[in-house]
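Trainee: Structure incoming, see below.
The values are calculated or read from the model by the stated rules, or taken from the named source; none is laboratory data. Being a predicted model, the structure only gives us computed values, none of them experimental. Every residue, glycine among them, receives a Cβ derived from its backbone with ideal geometry; neighbour counts consider all protein chains shown. The protein model used for the area step is the full one, side chains on, heavy atoms only, and it has no ligands, DNA or RNA in it. Shrake-Rupley method; radii C 1.70, N 1.55, O 1.52, S 1.80 Å.
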Amino acid sequence: MSKTKLKLSGVRKAFGSNHVLNGVDLEVESGKSLVVIGGSGTGKSVMLKCVLGLLQPDSGSIKVDGQETVGLSANDRGEVMRKFGMLFQGGALFDSMTVWENVAFGLIQGRGMARNEAQAIAIEKITAVGLSADVGNLYPAEISGGMQKRVGLARVVATAPEIIFFDEPTTGLDPIMADVINDLIVDQVNDLGATALSITHDMASARKIADYVAMIHEGQIVWHGKVGDLDHSGNEYVDQFIHGRADGPITRRAA
Amino acid sequence: MTVHSKATAQQKSIGPIGLALHVFNALGAAVLGFLEKTGSFSIFVGRAVAHCFMPPFFGKQLLRQLIDIGYYSLPVVGMTAIFTGMVLALQSHTGFSRFNAEGAVAGVVALSMTRELAPVLAGLMVAGRVGASIAAEIATMRVTEQIDALTTLSVNPFKYLIAPRLIAATLMMPILVLIGDIIGIFGGYVVAIYNLGFSQGSYLSQTWDILETMDVVSGLVKAGVFGFIVAMLGCYHGFNSQRGAQGVGAATTNAVVSSSIMILIFNYILTQVFFS
Ligand SMILES: Nc1ncnc2c1ncn2[C@@H]1O[C@H](COP(=O)(O)OP(=O)(O)OP(=O)(O)O)[C@@H](O)[C@H]1O
Ligand SMILES: [Mg+2]
């Protein structure tokens, strides 16, 4: 077993009476890719935001390289943040900036790199995700959703993070484009030797980018294992989810 | 389901005591909610102000905001000032002529413009123009997760988004109001000379005689405070926007309404401080 990069234990988070995370335990090995699957609204995005420090968990521990990150001071949090990269569910591109400025943003504003130097890296990353260099001068509103995902990916890898989080990287894309994005994710993560934690409900995507899979249900991890074991997990939640059956232990609350 | 059945059970067992408890419950919740809001707002203000003085500074963002908030507000503030000055001259003339006190027109225009009308009206106009756009822009960034994205790219949104707007609004409002003072007095002058038949020399000398440094300075201090209020409430409501387009709309409305009311309240407080 290689060393643990990221470890969550007993993470809880509630919004008022809405208990979203009920003690999440999760571990990701260095250089591996873990995909968390689970239905809409099960708290996948909330879990990522807790790890990123965008939300404060109510209790529990989140360790990065063995260092506790819950309750860190703003300065130390900044240090940890430099290890992270996040691809947001909606892309979250800065619409007041051109595509290349978006990609170079973390380098220029976050790391204080000179503009020319950052621009060169940005263009390189833009072509690496399969876009032509001229796209760099367009604004996010002027490009398609698929292109936005690519730009988002380029922005994430530009700062060479050690841990990358992907929040539903393929939702809203056609199956072919989704597959292209999956390939890009695998390539880019391997290039960087990064650790990846992704969340998705797209099983094709999960099978492609995962080394390990975990299933979240009602704010808890109900199964985790190797991606190869997905089809014979013996877990009824996983079975129901990957086959998309309406009846089973996962019931839709009639709300 | 469970929540529903609990609620009906409560409704059934309600008596006079239950009703009283209900009222106290609601009252307590309202008070607690209010305290929580004030608390979170105070923390927000503290953090925002602290980040204005802590490096790194984002000079380009500040410059953009100085131009956006200052330069582009000039037409609005200028129009407001000139017509206010003109109508002041007209109104005070019709009023004072009943007492044969037309000589007071210049003074009334100068004092009302510098002390009250230029800062308050400019503040309200800027609340509508700048406060709304700050709130809408930041709320949209919140809703589309751009603010979270800033954080993950190691850029503090307080430094990058909020500090430049706060500084720019606080610095530019006094300059806008100073220009508004001049334009407003000029508006009154034009009406007095060409419409009411005053002589140029005497109107101007009356203006200079009555104006004191304190009149102008107090107006400029007010302007700075109003600028701060507009930017702060715009940022606060935008930053804490609820999800969705509705959230952005509500943030914008709340920013404009709350900053307009705060401007009027602080105008009274500051007038009290300066002139009593
Ligand atoms: N900032 C917040 N304030 C209040 N409630 C929130 C907040 N963020 C998320 N929630 C609630 O937490 C729950 C889980 O949301 P989350 O976004 O994590 O779902 P998800 O698993 O990512 O779903 P999806 O697959 O649709 O993205 C939802 O009920 C949501 O209403
Ligand atoms: Mg989500």
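Trainee: Consider A:Met86 carefully, then state whether it is more than 13 Å from chain B (Cβ to nearest Cβ) and within 16 Å of ligand 2 (Cβ to nearest atom).
Mentor: Here the answer is no, as A:Met86 does not meet what is asked.
Trainee: Further question: Out of the strands (runs of 3 or more DSSP E) lying entirely within the stretch A:7-82, which hold 1 or more residues that are among the acidic types (Asp, Glu), modelled with pLDDT of 90 or more and more than 16 Å from ligand 2 (Cβ to nearest atom)?
Mentor: The qualifying strands (runs of 3 or more DSSP E) are A:18-29.
Trainee: A further question on this structure: When you scan the stretch A:215-223, do you find a residue that is open to solvent by 70 Å² or more (accessible area, probe 1.4 Å) and either in contact with a Leu (Cβ under 9 Å, 6 or more places away or on another chain) or in the same structural domain as A:Val35 (by TED's automatic domain parsing) (or both), even just one?
Mentor: Yes, the stretch A:215-223 has at least one match.
Trainee: Mind checking which strands (runs of 3 or more DSSP E) fall wholly inside the stretch A:187-233 and carry at least 3 residues that are in contact with a helix residue (DSSP H, G or I) (Cβ under 9 Å, 6 or more places away or on another chain), within 16 Å of ligand 1 (Cβ to nearest atom) and among the aliphatic types (A, V, I, L, M)?
Mentor: It comes to A:212-217.
Trainee: Next question, about the same structure. Test of understanding: among B:Ala139, B:Ala127, B:Ala163, B:Ala149, which residue is crowded, with 24+ Cβ neighbours inside 10 Å and away from chain A (no Cβ under 14 Å)?
Mentor: Working: B:Ala139 fails: away from chain A (no Cβ under 14 Å); B:Ala163 fails: away from chain A (no Cβ under 14 Å); B:Ala149 fails: away from chain A (no Cβ under 14 Å).
When all the criteria are applied, what remains is B:Ala127.
Trainee: Another question about this same structure. Within 14 Å of chain A (Cβ to nearest Cβ) and either surrounded by fewer than 19 Cβ atoms within 10 Å (Cβ to Cβ) or not charged (D, E, K, R) (or both) - does that describe any residue in the stretch B:105-115?
Mentor: no
Trainee: Follow-up. Does A:Gly145 meet the test of being surrounded by fewer than 20 Cβ atoms within 10 Å (Cβ to Cβ), within 29 Å of A:Glu79 (Cβ to Cβ) and either within 14 Å of chain B (Cβ to nearest Cβ) or of a type in the set (Phe, Trp, Tyr) (or both)?
Mentor: In short, no.
Trainee: Going through A:Gly66, A:Gly130, A:Gly39, A:Gly90 one at a time, which residue ends up being small (Gly, Ala, Ser), over 20 Å from B:Pro157 (Cα atoms), in contact with a Ser or Thr (Cβ under 9 Å, 6 or more places away or on another chain) and surrounded by fewer than 19 Cβ atoms within 10 Å (Cβ to Cβ)?
Mentor: Answer to the check: A:Gly66.
Trainee: For the stretch A:101-127, give me the residue count where each residue is away from every other protein chain (no Cβ under 13 Å), touching a Phe, Trp or Tyr at 6+ places or on another chain (Cβ under 9 Å) and open to solvent by 50 Å² or more (accessible area, probe 1.4 Å).
Mentor: Qualifying residue count, the stretch A:101-127: 1.
Trainee: Being more than 10 Å from every other protein chain (Cβ to nearest Cβ) and of a type outside the set (Val, Ile, Thr) is the filter here, so list the residues in the stretch A:67-82 that pass it.
Mentor: If the condition is that a residue be more than 10 Å from every other protein chain (Cβ to nearest Cβ) and of a type outside the set (Val, Ile, Thr), then A:Gln67, A:Glu68, A:Gly71, A:Leu72, A:Ser73, A:Asn75, A:Asp76 are the ones that fit.
Trainee: Look at the stretch B:83-104 and say how many of its residues are surrounded by fewer than 19 Cβ atoms within 10 Å (Cβ to Cβ) and either touching a helix residue (DSSP H, G or I) at 6+ places or on another chain (Cβ under 8 Å) or closer than 30 Å to B:Ser133 by Cβ (or both).
Mentor: Of the stretch B:83-104, the ones surrounded by fewer than 19 Cβ atoms within 10 Å (Cβ to Cβ) are B:83, B:87, B:90-91, B:94-104.
Subsequent filtering for residues that are either touching a helix residue (DSSP H, G or I) at 6+ places or on another chain (Cβ under 8 Å) or closer than 30 Å to B:Ser133 by Cβ (or both) retains B:83, B:87, B:90, B:96, B:102-104.
Total meeting the criteria: 7.
Trainee: Checking the structure you have, find out if any residue of the stretch A:166-175 is open to solvent by 60 Å² or more (accessible area, probe 1.4 Å), within 16 Å of ligand 2 (Cβ to nearest atom) and not in a strand (DSSP E or B).
Mentor: Among the residues of the stretch A:166-175, at least one is open to solvent by 60 Å² or more (accessible area, probe 1.4 Å), within 16 Å of ligand 2 (Cβ to nearest atom) and not in a strand (DSSP E or B), which makes the answer yes.
Trainee: Further question: How many residues are closer than 19 Å to A:His217 by Cβ and either under 15 Å from the mean Cα position of the chain (by Cα) or within 14 Å of chain B (Cβ to nearest Cβ) (or both) when one looks only at the stretch A:50-66?
Mentor: The total comes to 2.
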